[in-house]
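Written below as structure tokens is the structure these notes are about.
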Amino acid sequence: MSATYELHGDVAVITLNNPPVNGLGHATRSGVVEGLAKAHADATVKAVVITGAGKAFSGGADIREFNTPKASAKPDLHDVNTALDNATKPVVAAIHSVAMGGGLELALSCNYRVVAPGAQIALPEVKLGILPGAGGTQRLPRVLGVETSLNMIVSGEPAKSEALAKAAGQKLFDRVIEGDLLQGALAFAREVAAAKPLPRVRDLKTPPPASADIFETTRAALKTKARGFPAPLRCVDAVEAALNKGFDDGIEFERQQFEFLVGTNESKALRHAFFGERTASKLPDVPEDTPLRKIEKVAVIGAGTMGGGISMNFLNAGIPVTILETKQEFLDRGLGVLRKNYEAQVAKGKLKQEVLDKRLALLTSTLDYAAIADADLVIEAVYEDIAVKEQVFKKLDEVVRQGAILASNTSTLDVDKIASFTKRPQDVVGLHFFSPANVMRLLEVVRGKATAKDVMATVMNVAKKIKKVAVVSGVCDGFIGNRMLEQYTRQAGFLLEEGASPQQVDKAAEAFGFAMGPFRVGDLAGNDVGWYIRKRRYTEKPNLRYTKIGDVVCERGRFGQKTGKGWYDYEAGKREPIPSAEVQQIIEDERKARGITPRQISDEEIVGRLVFSMVNEGAKILEEGIALRASDIDMVYLTGYGFPLFRGGPMFHADTTGLAKVVALMKDYQKNPNDDTAFWEPAPLLAKLAAEGKTFN
Ligand code: T1G
């Protein structure tokens, strides 16, 4: 049953019951409407309470139904709210834990609302690229006022029930119920059973905002922040309608905005990301109830940038960490950087001093492997060299207790090879963090051939605890993200050879929505990082051509911002990229050497080659089983590589472009003699899906 009905004396209780969060799917909506009708038909019923089973009152509309006939199947959410508006017996919403989206809108259509402390209250629709579509933009301002409701609806951020109760008095919540919510709601329902007329939020007038220009100032603030997303601005329009239009006109205006937004690619991309993030943690061959290994003590080997950042993730989650280094000076430096990072957050008011002290109290450091013998999880973050990894893992194998998980933060080396340095390959896994490791949400979990299922289940669970988006990758060169990025980088170089400038490529990529184009990223991360890897490639994969321009730039010591010059020049102490005459000369010299007459290259071709080269590699990654799903690949790019969220990730973007079009573009790129024509042969999976008119996701 998705909504149960039971009598408690003279009060009917309707319980939303659609695990996991009582999404208001069609069956649940029908259950509410039927329950209300039953209560009204029963003369012994004096009042109605609506509440939620399990871990939520309601998490809102059932997003899984979106863009399916069920989403609008009668009774839709409007019908439910109209039935509530027409109730002739008092209806009390009894809210606990979570009341979000359509769940809060349903509660706002009840005559009364009682709430348990600590409940998360939100209209988060904007985060899905839509807006509250069942009256939220018209009802919330009537009880919370324009300022508070505008902020909640445009940000989508939750607020705690007791904070809102304090701010809004009895308007939003008639009573905060400490203790047993249902009993408190039943008692309240009996108190108001004879109330006449029944209060309805729709009958209230929206109080005018303190400042009349709040809508304009909000719109102005959204111009940059909401770049690429139409929903936030339409949220402003809808709240403004709550002030300027009658209730029913406001509802109609809101419905029109909702209908428009729910069909946009941006909204589909955001919903794709919402589910993609949650699906990524599901491993088809690892049962959800796999027993987890206990992780109460973490050891990090290496106090460098990565080691320090990785440690912070665990300290932030309240998990003790011991950092091990080979020399005291390295420890001192590493711990100094870590402390400075935290102190900077305190200085910015992002972290309370007492929280910082608590976190640092969980941190110990050592030069002695014996000190980490009882660790439950060890994460190696030493120099990216297989000989160094071998030394470390042999030592860990010797010293660390049996059953501990031994992880490597390697970004390019073979995890199976690393596992072979130990006598317990089943306990070895790759945990590839992205720099800065305490900021970037992506964590590539690299599953070795021998990695045990309970190790996978345990690290996926730990990833959630440290607020990472964990995506499982098989063992291959570059795993998922860097393997695809290699093609993106190659294309960027070829485009320079054929006529584009670094600034043109960057601008085209940034206009597409990337946070930064490839050359600005290189100057930020350091061009020598790629140079080092390329030199390894030249021996390992001699037939994989890169432009020589990147090597010459590095040979000139132009490593990027850290050397004051890279693909661009920089004024001392500034980060503003300035086109470089020296780099332009290097480019022209290479064009001459390759006998290329430079041509005008369109932004569309630039973006197409940058993005679809990753899509082709992504299709191969899927075929090889390195990634489990296309949405996993999208999550890697959305959370680790600055791919624009409103495009949904490279594979989702290919889907919305149309795979047949993507294949046709690849055939075009294949005709370009300077490009890697063999590479542009569409991956078999891509060609098949395109031919069948299907999509990756
Ligand atoms: N519909 C369907 N499934 C949902 C869901 C929803 N609204 N919310 C969560 N789930 C699933 C989720 O996919 C996961 O599934 C499980 O529940 C636990 O989620 C007209 C149209 C509620 C705060 O945007 O913010 O109402 O992986 O891991 O950390 O205006 O889920 O277990 O199979 O996130 O405890 C607006 C979105 C909808 C709320 C719980 N509502 N959800 O967090 O668990 S649009 C939202 C959340 C709308 C109306 C419009 C969070 C949560 P699985 P979880 P959690």
Study note, to complete from the structure: Flagged in segment 178-206 as within 37 Å of the chain's Cα centre (by Cα) and more than 19 Å from residue 57 (Cβ to Cβ), in numbering order, are 202, 206
Point to revise | Members of segment 309-335 found to be under 15 Å from residue 436 (Cα atoms) and more than 23 Å from the chain's Cα centre (by Cα), listed by number | key: 334
Check your understanding: residue 512: hydrophobic (A, V, I, L, M, F, W, C) and crowded, with 23+ Cβ neighbours inside 10 Å, yes or no?
Key -> no
**Study point:** Those residues of segment 350-388 which are touching a strand residue (DSSP E or B) at 6+ places or on another chain (Cβ under 8 Å) and open to solvent by 60 Å² or more (accessible area, probe 1.4 Å), in sequence order
**Key:** 364, 367, 368
Check your understanding: Out of curiosity, is residue 339 surrounded by fewer than 17 Cβ atoms within 10 Å (Cβ to Cβ) and closer than 19 Å to residue 459 by Cα?
Key -> no
Revision key, fill the gap. Taking segment 93-123 and keeping residues among the small types (Gly, Ala, Ser), in contact with a Lys or Arg (Cβ under 9 Å, 6 or more places away or on another chain) and either on the phi > 0 side of the Ramachandran plot or in a strand (DSSP E or B) (or both) leaves 93, 94, 97, 99, 118
Revision key, fill the gap. Of the residues in segment 53-103, those that are more than 9 Å from the ligand (Cβ to nearest atom) and among the aliphatic types (A, V, I, L, M) come to 53, 73, 80, 83, 84, 87, 91, 92, 93, 94, 95, 99
Exercise for review: Provide a single number: the residues in segment 37-58 that are over 22 Å from residue 98 (Cβ atoms), among the hydrophobic types (A, V, I, L, M, F, W, C) and open to solvent by 10 Å² or more (accessible area, probe 1.4 Å).
Suggested key: 3
Practice item. Specify the residue that is least open to solvent (accessible area, probe 1.4 Å); the eligible residues are those in segment 221-277 that are outside any helix (DSSP H, G or I) and under 15 Å from residue 156 (Cα atoms). Key: 226
Check your understanding: Does at least one position in segment 160-171 carry a residue that is under 17 Å from residue 90 (Cα atoms) and either aliphatic (A, V, I, L, M) or open to solvent by 30 Å² or more (accessible area, probe 1.4 Å) (or both)?
Key -> yes
Practice item. Test residue 260 against the criterion of being among the aromatic types (Phe, Trp, Tyr), touching a residue at least 60 places away in the same chain (Cβ under 8 Å), within 16 Å of the ligand (Cβ to nearest atom) and under 29 Å from residue 630 (Cα atoms), and give yes or no. Key: no
Review point. How do the pairs read when you match residues in segment 616-629 that are closer than 18 Å to residue 470 by Cα and in the same structural domain as residue 670 (by TED's automatic domain parsing) with residues anywhere that are open to solvent by 20 Å² or more (accessible area, probe 1.4 Å) and among the charged types (D, E, K, R), using Cβ under 8 Å and keeping only pairs 6 or more apart or on different chains?
Key: 621/483; 622/629; 626/483
Review point. Here are some conditions: (1) open to solvent by less than 10 Å² (accessible area, probe 1.4 Å); (2) farther than 24 Å from residue 203 by Cα; (3) of a type in the set (A, V, I, L, M); (4) within 13 Å of the ligand (Cβ to nearest atom). Residue 14 meets all but one. Which one does it not meet?
Key: (4)
Practice item. State which residue is surrounded by the most Cβ atoms within 10 Å (Cβ to Cβ) when the search covers only segment 523-567 and only residues that are touching a residue at least 24 places away in the same chain (Cβ under 8 Å) and on the phi > 0 side of the Ramachandran plot. Key: 560
Exercise for review: Return the pairs, sorted by first residue and then second, in which the second residue is within 6 Å of the ligand (Cβ to nearest atom) and in a strand (DSSP E or B), the first residue lies in segment 54-75 and is closer than 25 Å to residue 95 by Cα, the beta carbons are less than 7 Å apart, and the residues are 6+ apart or on different chains.
Suggested key: 56/98; 57/98; 59/98; 59/100; 60/100
Practice item. Please specify each residue of segment 659-688 satisfying the condition of being in contact (Cβ under 8 Å) with a residue 24 or more places away in the chain, within 31 Å of the chain's Cα centre (by Cα) and open to solvent by 20 Å² or more (accessible area, probe 1.4 Å). Key: 660, 663, 665, 684, 685, 687
Point to revise | Flag for residue 153 being surrounded by 24 or more Cβ atoms within 10 Å (Cβ to Cβ), in a loop (DSSP other than H, G, I, E, B), of a type outside the set (D, E, K, R) and modelled with pLDDT of 95 or more | key: no
Study note, to complete from the structure: Within segment 281-305, the count of residues that are more than 10 Å from the ligand (Cβ to nearest atom) and within 21 Å of the chain's Cα centre (by Cα) comes to 1
Revision key, fill the gap. If we ask which residues in segment 510-561 are among the hydrophobic types (A, V, I, L, M, F, W, C), under 25 Å from residue 225 (Cα atoms) and not in a loop (DSSP other than H, G, I, E, B), their number turns out to be 6
Exercise for review: Only residues that are open to solvent by 70 Å² or more (accessible area, probe 1.4 Å) and part of a strand (DSSP E or B): list them for segment 568-616, please.
Suggested key: 579
Practice item. Only one of these is open to solvent by less than 40 Å² (accessible area, probe 1.4 Å) and under 30 Å from residue 476 (Cβ atoms): 411, 420. Name it. Key: 411
Study note, to complete from the structure: Restricting segment 108-135 to residues that are free of Cβ contacts under 8 Å to residues at least 60 places away in the same chain and over 23 Å from residue 272 (Cβ atoms), the one nearest to the ligand (Cβ to nearest atom) turns out to be 120
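The values are calculated or read from the model by the stated rules, or taken from the named source; none is laboratory data. Predicted model only: the values in this text are computed from it and were never measured. Don't worry about glycine lacking a Cβ; one is built from the backbone with ideal geometry, like all the others, and counts go over all protein chains shown. Each accessible area value is taken on the protein alone, full model and side chains, heavy atoms only, with ligands, DNA and RNA left out. Shrake-Rupley method; radii C 1.70, N 1.55, O 1.52, S 1.80 Å.
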